[in-house]
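Readers should treat all values here as calculations from the given coordinates under stated rules, not as data from a laboratory. Quick caveat, the model's predicted, so the values are computed rather than measured. Here Cβ is always computed from backbone atoms with ideal geometry, including for glycine, and neighbour counts include all displayed protein chains.
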Amino acid sequence: MMMRSLEIAIAAAFLGLLTAGSPVLAETPDAKSQSELAAALKGVKVSLEKGLVASEREGKPISAKFEVEDGKLQLSAYTMKGKKFSEVIVDRETGKVAKTEAITGGEDLAAAKEQSETMAKAKSSLVTVTKKALEENKGFRAVSVTPLMKAGHPAADVTLLKGEEFKTVSEKLD
């Protein structure tokens, strides 16, 4: 009898963990931010690819994304030059570099180092794989590109948007 009570308690605790803080009908923060990003991108003519090309003046692009930060849409690219990393903000209206900040610590530096290690093994640029993803997915626009290792090979996850529909495709970098 005591064993059965323990099993029930464990099952109840596990079920509680699975459902804690996740109301079935509530919009997840990720879905909310995607919806906010989709709305902010309407009418923006500068592409992610153009932002990558613009950021090249500050170093080799190692990732890029459109994001809503502090309620404002921005196009951000991480670049590396030698052993130094920068975040390049590209003006979403003109496609020109608006500002550049050194990445010197925290999660941003850890992400930049990981991305640079992947890009060091890449034979294709992020611009090339982003364009390939768009050719294979007509009607979409690229909203982010992030390099990562998959099964020992460099790849890039390209997040695409059409209307309110987001999808991520993986492209080989080698």
> For the residue pair GLU69 and GLU36, what label-to-label distance in nm results when each label sits 7 Å from Cα along the Cα-to-beta-carbon direction?
Replying inline: 1.4 nm
>> Taking just the alpha carbons, could you work out the radius of gyration and Dmax for the stretch 32-172, both in angstroms?
In response: 14.2, 39
>> Along each principal axis of its Cα atoms, how long is the stretch 98-174 end to end? Whole angstroms, biggest number first, please.
In response: 37, 32, 19
> Using the eigenvalues of the Cα gyration tensor, what equivalent ellipsoid semi-axes result for the stretch 76-115 when each is taken as the square root of five times the eigenvalue, whole Å, largest first?
Replying inline: 20, 9, 8
